[in-house]
1. Here are some conditions: (1) crowded, with 17+ Cβ neighbours inside 10 Å; (2) modelled with pLDDT of 95 or more. Residue 243 meets all but one. Which one does it not meet?
2. Applying the selection to region 37-55, what residues are under 15 Å from residue 241 (Cβ atoms) and surrounded by fewer than 18 Cβ atoms within 10 Å (Cβ to Cβ)?
3. Just wondering, is there one or more residues in region 103-111 that are more than 30 Å from residue 331 (Cα to Cα), at pLDDT 95 or above and touching a helix residue (DSSP H, G or I) at 6+ places or on another chain (Cβ under 7 Å)?
4. Among (1) at pLDDT 95 or above; (2) crowded, with 19+ Cβ neighbours inside 10 Å, where does residue 82 come up short?
5. Output the number of the condition that residue 311 fails; it satisfies all remaining conditions of (1) in contact (Cβ under 8 Å) with a residue 12 or more places away in the chain; (2) surrounded by fewer than 18 Cβ atoms within 10 Å (Cβ to Cβ).
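The values are calculated or read from the model by the stated rules, or taken from the named source; none is laboratory data. Keep in mind that what you see is a predicted model, and the values were worked out from it rather than measured. All Cβ positions, glycine included, derive from the backbone under ideal geometry; neighbour counts span all protein chains shown.
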């Protein structure tokens, strides 16, 4: 028995921004923001613009959310270069706001009831002394920076910043992608692109609650996106946005279920891992990423799982392979594992004819942020 399962679940906001109006009616487009050419355009490539999109629905700040999207920052640039940048921001969930100020403020500094703004800053003003409190003591911009600023009540104090080589630029063909997670005030940011499909963590578990000078975290928060331009400008565009409740940590017993021994050129292999819920709450629907090393490739844009409660039913889950076919991303795997029950998950792959003998680990990552890591080995022997 095989059942086909959909990507969406009741906790998700899936917003491609491809129609004339947002799919979710709770979006508020502010300032220069508009839906155009199959995306959300926060600013056009013009100077002194500020645009924002506010998802006017509160979420529990302790449970948190994960938000991910594709972005493009390109178009004509101003006399001082391409800028300024864009932000993901949070405001008090009991309040609302208009867009913040243009330019180095990235549309966040100046919002009402702001709690935190994560700036993806190409020009460099967001982390400088010209914006808010506690900026860089340098005299000029700090380009190519990921910076976090705090609450409106603190004059948007600079909380932390990291330099990002190359910044946040490129058209849609660059396949730039951002994932931001915030759980109980703990913030992480991961960026990926066509040049780096696996991606890299740009900010790892930064605790907003304990940051010096930061305001107390509200019980609920709302999510926004914004961008700003000034004498430096670019088009800032967003599409394929997904918002979901962040994954809740869980105790699990993990193990290889079907390690494989095979030869170069073999196809339709199914290494698997077994996940047993050893906690006191259900493991619900979670994103899963499966990655293989060079020498292995996935054969399909899907995976499957079997769970104890309805075995031997095999549930097919849609996903998407990376261009090199070594990573498959499954946005929504509805495990629904009650405490004390298990599931086995697997995906079809092949061994490249040129693969050398050795052990090839298949890595399974569950959750956003990742809450379970497991692996299953493919052992390649001589032909």
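1. (2)
2. Within region 37-55, just 38 meets the criteria.
3. yes
4. The number of the failed condition is (1).
5. Condition not satisfied by residue 311: (1).
Okay, residues lined up against (1) in the same structural domain as residue 67 (by TED's automatic domain parsing); (2) in contact with a helix residue (DSSP H, G or I) (Cβ under 9 Å, 6 or more places away or on another chain); (3) part of a helix (DSSP H, G or I):
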| site | (1), (2), (3) |
| --- | --- |
| 224 | yes, no, no |
| 230 | yes, yes, no |
| 261 | no, no, no |
| 276 | no, yes, no |
| 288 | no, no, no |
| 294 | no, no, no |
| 309 | no, no, yes |
| 315 | no, no, no |
| 323 | no, no, no |
